Every structure is written in C-alpha cells, then in structure tokens.
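All remarks here apply to the structure that follows.
Read the figures in this text as sums done on the coordinates, not as results from a lab. These numbers were taken from a predicted model, which means no experiment stands behind them. Positions of Cβ are generated from backbone atoms using ideal geometry, with glycine treated the same way; all protein chains shown enter the neighbour counts.
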Amino acid sequence: MKHQQRSQLIGIYPGSFDPLTNGHLDIARRAAQLCERLVIAVYATPSKNLLFTVEERAALWQKVIAEEQLVNVQVETFTGLTIDYARARGATAIIKGLRSSADFEAEFKQGLMNRKLAPEIETICLFTHLEHLFISSSLLKEVARLGGDVTDLLPTTVARALQQKLHGEPR
C-alpha cells in the first residue's frame, strides 16, 4: 500500500448561521482542533428568510471567535457553490455538523455531489453533542420572536444581537 504525505488540513465550515448557535460554535471548536486552519464560511445568499445580513452574521462570528480565542479560525463570506469556494480557498475538507438522520440524509447527498465535483476535497461530518441536539437557528428565532428565553442556547454576543434585532432592546 502506497502512503501519501499528509497535507495540511484546511477546513471550510459553511453555513448561513442566522444566527449562529451554541451548536454551531461547538462544531467550530471541535473542527478547529482537527484543522490546521478553519474558515467559517458564511453563505451570503441562502434561500432562507434571513434575520441578519451577511455582514452581521460574519461580524457575530468574528466577535465570538475572538472571545473564544480560536487562533486558527477565520471568517469569510461567500456566494455560489460551496465546493467552488472550498476549492478556491485551497480547502482539503468541508466540515458539516449532524443533529439528526434528516441532517445525515441531506449531507450525505450533498457530500456525494461534492465528491463528484471535487474528489480532492473530503467531507467531514461531526455529530453534535447531545445538549445541542434540538437547537436550530430557525427554531431559536421563532421562540425568541414570541418572547421565549433562548439566551442559554446562543453565545452571549449573539443572544444580545438577537434581542436587539427582534425587540430593539439595547445590546
């Protein structure tokens, strides 16, 4: 069996992150331990009803990364196909977080398509921790919009920004 020299693992963690949750942060922390360099890739134009602009989502990630002192992590925004962005950034892997079998099904199909388009880029799936299993950005936005307290499910910076955005409360 022929052994190849290990290349630097450059990971792309793509998502809309509207807003980023403790579940997203958990995946980013763990991916940062696996990668020499991790790029949080904030997708600018998802087909979703967004609350935060792409600039706001990226800025929230920047603040959280600074607070977490994740030195090998950077934040960028992108449009177009994730696999094209990953290739342009020299990525060796796309990082995905899995919460459920539905997530697995969707990421499995996307991973196979990405493999077809760019076989040199691996897809790495990380399972969420149990305490984050039920967290989704859309659910948190809905609960917060209706006055529910979701602050313990978001990084503090993001919880303040969400309250400001939804209810005009000072940050």
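Some points to look at:
- When the chymotrypsin sites (Phe, Trp or Tyr not before Pro) in the stretch 37-92 are filtered for DSSP coil states and for at most 11 other beta-carbon atoms within 10 Å of their beta-carbon, no site remains.
- Cα gyration tensor shape for the stretch 10-133, rounded if a/c is under 1.5, else prolate or oblate: rounded
- Pairs of Cα atoms nearer than 8 Å and 6+ residues apart set the relative contact order; for the chain it is 27 percent.
- Counting neighbouring Cβ atoms within 10 Å and putting the fewest first, the residues H132, H167, H24 line up as H167, H132, H24.
- In the stretch 62-129, the GluC sites (Glu not before Pro) that fall in loop regions by DSSP, at most 12 other Cβ within 10 Å: E120
- Whether the stretch 21-93 is rounded, prolate or oblate, judged on the alpha carbon gyration tensor where a/c under 1.5 counts as rounded: oblate
- Amide hydrogen neighbours beyond the local backbone of S16, cut-off 5 Å, H modeled: Y43
- Greater than 30 Å apart at Cα, pairs in K96/K165; K116/K165; K109/K141; K48/K116: K116/K165
- Ranking of C125, C35 by count of other Cβ atoms within 10 Å, fewest first: C125, C35
- Rounded tilt (10° steps) of 101-117 against the dominant C-alpha axis of the chain: 40 degrees
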